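K.L.:
Next up is a structure, given as structure tokens.
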Amino acid sequence: MSLTRRNILTGAAVAALASQLPLRVALAQGGDKVVRIAMPMDFTKVYTFVTAEYNQGQRDYITMMNQRGGIGGYTIAVDISDHANDQPRAIEAYERAKSQGAVLVDPLSTPVARALTPRALEDKINMVTAFSGRSDAADGTVFPYVFPLSPNYWTQAGLLIEYFKQQDGGSLDGKTICFVHIDTPFGKEPLPVLEALAAKEGFKLQAFPYTPPGNDQSAIWPQVRRARPDWTMFWGAGVGQTVALTEAARNGLDMGRVCSSVWLSESDMDVVGRDQTVGVLKFEPCVSGREPKVIQEILAEVVNAGKGAGPEDKVGTAYYNYGVMLAALMLEGVRRAAEIAPDGPVSGEWLNAGLNSITEFTAEGLIPPTTITPEDHQGGGMGRVARWNGEVFEPMTDWFSANQDVVWEEVRKYSSEFAKTGQ
């Protein structure tokens, strides 16, 4: 198996190529038993802080599984292109993928995923929206072909609040929680759940929005300091995260009581300073680092064989492992589909049946036990809280889920609205 276009899609190489041609990487050639997956992603504009590492993890995992003979007798072929977070370009990439027989699309962009949702539902092409897209897509009865396959932002917020509660002796009554967030739909998304939990648990919620992209938060954090929060949650991505961490430290906040969503990585710590950020917490959807069995296997079978999709030092980072997590779930869906109908025909409906039958899947210990059903496309909503120790993110909890009653109330409220209006 070989890459027909590009072995590395990172940094300047991506930027240079993006303006010249579609970045297509065929990870499988020949034979009739092929499952085609499209990965039109933003390599050059907004999501550059995550895309290269995430996609590198995906490609390395798929390379490994194809080298082992594929999944259930099927080879996985991947088409990668750069949509630059531009909706017309993304739609063009989606339509091209559809014409070429793709049965799954992973755009890794909230605005793009929202734009593609009606098309995916109509065309019956499965769309993965991990850590992006609509949180209400967890409701598989309304979004049968949209798969978050991961804890949505409402779930992440609910789990973090439960962690705060556990750390404070089982009660948040009378406590103050500050929520610092980018002033976009993504940044504001956890607010309904946080407000519901504030009413339920008796804590005071103070929200502090900042203007995108977040490179100037100097007026926000002194206000946070003066609020004397018991806990602070910061919700952004890319530069917004590093600036938030820098300002939190500058204003003397206790890093052990400052917590982020999934969007925090080792590279952010390098920007701010590994020692200055010791203690900061994050929601973790999978194990980070190189210890997981599947990461060790990738190193041995792919990276050390010179077939890795990107820089070796990125293997095992948080975002790389997110990519491995999602690729493993996608291919588990293929495996299940092949069990249900070994001879296909390969179609969106065929893969949909497989994805909807994923049961207690852990990717050899990389992720919490994940079960996907026709009703729940989130996968159970389990995660954990990890702490930065200066070198790595170390787990502070076991895998758990929390406040799913509140989360699903929000999910059903918004999904029912979509079912009525398409909005």
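K.L.:
Rank-order 364-372, 76-84, 174-182 by packing density, defined as the average count of other C-beta atoms within 10 Å over each peptide's residues, highest first. Spell out each step's value before the answer.
P.N.:
Values: 364-372: 19.2, 76-84: 23.8, 174-182: 21.3.
Output ranking for 364-372, 76-84, 174-182: 76-84, 174-182, 364-372.
K.L.:
State the number of lysine pairs found in the range 154-284 whose Cα atoms come within less than 16 Å, restricting to pairs 8 or more positions apart or on distinct chains.
P.N.:
Final tally of qualifying lysine pairs is 6.
K.L.:
Report, by chain and number, residues whose modeled amide H sits under 5 Å from the one on MET127, excluding near sequence neighbours (fewer than 5 apart, same chain).
P.N.:
VAL105, VAL146, PHE147
K.L.:
Give, as ranges by residue number, the residues of the range 352-370 whose backbone N falls under 15 Å from the point 7 Å along Cα→Cβ of ILE340.
P.N.:
Under cut-off, by backbone N: 352-360.
K.L.:
Listed highest first by mean packing, meaning other Cβ atoms within 10 Å per residue, what order do 138-150, 114-126 come in?
P.N.:
138-150, 114-126
K.L.:
Less than 25 Å apart at the alpha-carbon level, and either on another chain or at least 8 residues along: which lysines does that give for LYS124?
P.N.:
LYS33, LYS98, LYS413, LYS420
K.L.:
Would you grab the residues whose amide H sits under 5 Å from the one on VAL78? Only those 5+ places off in sequence or on another chain, please, with H modelled 1.01 Å from N.
P.N.:
LEU27, ALA28, ILE37
K.L.:
Compute the acute angle (0 to 90°) between the alpha-carbon long axis of helix 318-340 and the principal axis of greatest extent of the alpha-carbon atoms of the chain; round to the nearest 10°.
P.N.:
50 degrees
K.L.:
While we're here: Could you give me the ³J(HN,Hα) list for the range 127-141, computed from phi with Karplus coefficients 6.51, -1.76, 1.60 and θ = phi - 60°, whole Hz, x at Gly and Pro?
P.N.:
Values per residue, Gly and Pro as x: 10, 8, 10, 4, 6, 6, x, 8, 5, 6, 5, 4, 7, x, 6 Hz.
K.L.:
Also: State to the nearest 20 debye the size of the charge dipole of the range 315-423 about its Cα centre, where the only charges are +1 on K and R beta carbons and -1 on D and E beta carbons. Before the final figure, lay out the partial values.
P.N.:
Working: 7 positive and 15 negative charges, 42 e Å.
Once rounded to the nearest 20, the dipole reads 200 debye.
K.L.:
Tell me the per residue accessible area of the chain using a 1.4 Å probe; a whole number in Å² is fine. List each step's numbers first, then the result.
P.N.:
Values: 15680 Å² over 423 residues.
For the chain, the per-residue accessible area is 37 Å².
K.L.:
So I have (1) 127; (2) 284; (3) 174, and one of them is volume of the Cα convex hull per residue in Å³ calculated from this model. Which one is it?
P.N.:
(1)
K.L.:
Give the carbon-plus-sulfur fraction of the accessible surface of the chain in %, rounded to a whole number; probe 1.4 Å, heavy atoms of protein chains only.
P.N.:
C and S fraction of accessible area: 48 percent.
K.L.:
As a check on your grasp of the helix formula, calculate [θ] at 222 nm for the chain: sum -39500 (n - 2.57) over DSSP H runs of n ≥ 4, divide by the residue count, round to the nearest 500. Before the final figure, lay out each step's value.
P.N.:
Details: 14 runs with 163 residues, N = 423.
Per the formula, -12000 deg cm²/dmol.
K.L.:
Would you work out which of TYR320, TRP154, VAL287 lies farthest towards the positive end of the dipole of the chain, given +1 charges on the beta-carbon of Lys and Arg and -1 on that of Asp and Glu, about the Cα centre?
P.N.:
Of the options given, the answer is TYR320.
K.L.:
Peptides 227-238, 318-329: what's the order by average Cβ count within 10 Å, highest mean first?
P.N.:
318-329, 227-238
K.L.:
Once the other residues with Cβ under 12 Å from the Cβ of GLU364 are scored (Lys, Arg +1; Asp, Glu -1), what is the net sum?
P.N.:
Net charge around GLU364: -2.
K.L.:
Could you report the accessible area of ASP216 in Å², rounded to 10, computed with a 1.4 Å probe on the protein chains as they sit in the structure?
P.N.:
110 Å²
The values are calculated or read from the model by the stated rules, or taken from the named source; none is laboratory data. No experiment lies behind these values; they were computed from the predicted model shown. Note: ideal-geometry Cβ built from the backbone for every residue, glycine included; neighbour counts use all protein chains shown. Accessible surface areas use protein heavy atoms only, side chains included; no ligands, DNA or RNA. Shrake-Rupley method; radii C 1.70, N 1.55, O 1.52, S 1.80 Å.
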